[in-house]
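**Q** One structure, as structure tokens, below. Some questions next.
The values are calculated or read from the model by the stated rules, or taken from the named source; none is laboratory data. All values derive from a computational prediction rather than experimental measurement. Virtual Cβ from ideal backbone geometry, glycine too; neighbours counted across all protein chains shown.
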Amino acid sequence: MMENQPKKRIRFIVNPIAGHSGKESFPAIAERILSKVHFDHEVCFTDAPGHASQLAKEAVAAGFDIVVAVGGDGTINEVARCLIQTNTTLGIVPSGSGNGLARHLNIPIDFEGALEIINKGHQVKIDTVNISGEVFVSIAGAGFDALVAKHFAKDPNRGFFTYFKIVAARYPQYKPKHYTLILDDKKTIETEALFISLANSNQFGYNTTIAPDASLNDGLIDVCIVQKPFIFEMPIIINLLFLKMIHKSKYVTIHKASKVELRRDKNRVINLDGEPVKLKKNLIATVNPLSLNVIIPSEQKDFNPTELILQTLTKTRQRISTELKRIMP
């Protein structure tokens, strides 16, 4: 960041219940890490769903240069939707459960590291997606992943293994649903699928990559059609998700389009950046190209290298096996 420039104003919007605890320490950490030469800042805590959007709208109206979402993908969504096509830049301090968008952008998953990225102030423009009156920045999904998001939102416990337990408990009885997809008003696909993901970024969170080639600035949605594997194949599928190779599975087909019409047989919730939202049965998603300014690392080094992912797989494989045996004897 250049010297002798006017200080930029930052509003941090903190969701105190996203992900894990510890948000009470954030103001002190921000005071210690954030550059006092370049920034004046304030910290606001949310107290209800929708409050983050209200605080973000107020910040834009008040002329804040940067609004930082301190939370998970749902909090980022609430903030980002208010900054689209404005001069206000989004910052991200990931502190949710999955932190899918932050992981895609290589933003460190700790307060200090993420604040240092904000200090450096490297900005890019990314796409957002409008879907039937709503907005998503990372991923929207219909089908099984939306069902999981619905139950995850109700569970008082957070984290990967809460998510996994819901998947393991609901998966055996879940019946694939019929979907009609129309891509760019040209290509029609009829399919029975476990779920459909409309991906702007590449992953759900927890380093589980559903759309390995997704880009946030290509003007396209990666349409991921996932069939239902046999239960004994699930360990392989989980490995492929972690290793960014799910597109190699025979159960996954990925298409790219700038406009997607998704027709379902009835109104059900969708997974909108990790949050369950009920929309009409017929959905239309369109890309809003390069519509959001975001602070990201200037050096796109891999904060989650393959070696680290493999270590994570080794540590979690036994726990996954144990849960499967307990829930599905």
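**Q** Identify, please: which residue in segment 95-118 is out of contact with any Phe, Trp or Tyr (no Cβ under 9 Å at 6 or more places or on another chain) and under 19 Å from PHE136 (Cα atoms) and is, among those, surrounded by the most Cβ atoms within 10 Å (Cβ to Cβ)?
**A** Looking at residues that are out of contact with any Phe, Trp or Tyr (no Cβ under 9 Å at 6 or more places or on another chain) and under 19 Å from PHE136 (Cα atoms), I get LEU101.
**Q** Please work out if ARG32 is surrounded by fewer than 15 Cβ atoms within 10 Å (Cβ to Cβ) and more than 29 Å from ALA214 (Cα to Cα).
**A** Judged against the criteria, ARG32 is a match.
**Q** Please specify each residue of segment 215-235 satisfying the condition of being in contact (Cβ under 8 Å) with a residue 12 or more places away in the chain and farther than 28 Å from LEU183 by Cβ.
**A** ILE231, MET234, PRO235
**Q** Could you please tell me which pairs satisfy a Cβ distance under 9 Å, a separation of 6+ or placement on different chains, a first residue in segment 241-254 that is crowded, with 16+ Cβ neighbours inside 10 Å, and a second residue that is part of a loop (DSSP other than H, G, I, E, B) and acidic (Asp, Glu)?
**A** Once the first residue is crowded, with 16+ Cβ neighbours inside 10 Å and sits in segment 241-254, its partners that are part of a loop (DSSP other than H, G, I, E, B) and acidic (Asp, Glu) give HIS247/ASP213; ILE254/ASP213.
**Q** Sticking with this one: Which of the residues spanning segment 192-233 are under 16 Å from the mean Cα position of the chain (by Cα), surrounded by fewer than 19 Cβ atoms within 10 Å (Cβ to Cβ) and among the acidic types (Asp, Glu)?
**A** Once the filter is applied, which keeps residues that are under 16 Å from the mean Cα position of the chain (by Cα), surrounded by fewer than 19 Cβ atoms within 10 Å (Cβ to Cβ) and among the acidic types (Asp, Glu), segment 192-233 yields only ASP213.
**Q** Restricting the search to segment 274-291, which residues are crowded, with 16+ Cβ neighbours inside 10 Å and touching a Gly at 6+ places or on another chain (Cβ under 6 Å)?
**A** Listed by number, the residues that qualify are GLY274, GLU275, VAL287.
**Q** Look at ILE139 and say whether it is under 23 Å from ILE84 (Cβ atoms), touching a strand residue (DSSP E or B) at 6+ places or on another chain (Cβ under 8 Å), crowded, with 20+ Cβ neighbours inside 10 Å and modelled with pLDDT of 90 or more.
**A** Judged against the criteria, ILE139 is a match.
**Q** Further question: Name the one entry in VAL167, VAL93 that is assigned to a strand (DSSP E or B) and among the β-branched types (Val, Ile, Thr).
**A** VAL93
**Q** Then there's this: If I filter segment 48-58 for residues that are modelled with pLDDT of 95 or more, surrounded by 24 or more Cβ atoms within 10 Å (Cβ to Cβ) and more than 20 Å from the chain's Cα centre (by Cα), do I get at least one hit?
**A** no
**Q** Moving to a separate point now. State whether one or more residues within segment 122-132 are acidic (Asp, Glu) and assigned by TED's automatic domain parsing to the domain that holds VAL252.
**A** no
**Q** Need pairs with beta-carbon distance below 8 Å; first residue outside the structural domain of ILE17 (by TED's automatic domain parsing) and within segment 159-174, second of a type in the set (Lys, Arg) and at pLDDT 80 or above; sequence gap 6+ or separate chains.
**A** Filtered contacts from segment 159-174: TYR174/LYS228.
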